[in-house]
1. Could you list L44, L137 in order of exposure, starting from the residue whose Cβ has the fewest other Cβ atoms within 10 Å?
2. After finding the eigenvalues of the alpha carbon gyration tensor for the range 75-150, what semi-axes result from the square roots of 5 times each, listed largest first in whole Å?
3. Using the 10 angstrom Cβ neighbour count as an exposure proxy, how do V133, V149 rank, fewest first?
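Quick note: the coordinates plus some simple rules give every number you see, no bench work behind them. Not measured: the values here are computed from a predicted model. Virtual Cβ from ideal backbone geometry, glycine too; neighbours counted across all protein chains shown.
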Amino acid sequence: MSWLSSHASHRSHRSNRFSLGAAKATIEPEINLIPFIDVLLVVLIFLMISTTFTRYQELAITLPTANGSTSQTEIKQIHIAVSRDGRFAINGKVIDRSQLSNSLNLINQDNDNKDANVQINIDADARAPHQAVMSALEAARDANLSNIVFSSQTKK
């Protein structure tokens, strides 16, 4: 008798024994819940820890309120245009750099009689020299005009 034939006979003998026991009592599969509970506990702890950090990333801001009405004073606007080659124009009239301070002084003196606020709008070209824009700011300062606004455009 060879090993294979003896092994086959033992296998058939065992299978008969188990099949007889299986007929008497059915073995039901059992699910082990302890590893499942361990995994869920780890996930729960991770979620609890990670959600508490979001509270510290917020800033509590109380915005101020205002109870004001619209201003009744008239604001006179003066537009100073600075071209890309450094030339100036006040309200569409081209002037020399040396006349810039004198023109703003005259406009400011005329404004003192009317009691209206003056706002300077500087419309400088994107490639205008920095010195030309600074000259417009100095001319406004020499004329005692402090309400200065720079114009810009949105990107398309």
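1. Details: L44 10, L137 15.
Result, fewest neighbours first: L44, L137.
2. Details: eigenvalues 86, 28, 21 Å².
Rounded to whole Å, the semi-axes are 21, 12, 10.
3. Values: V133 17, V149 12.
Least crowded to most crowded, the residues run V149, V133.
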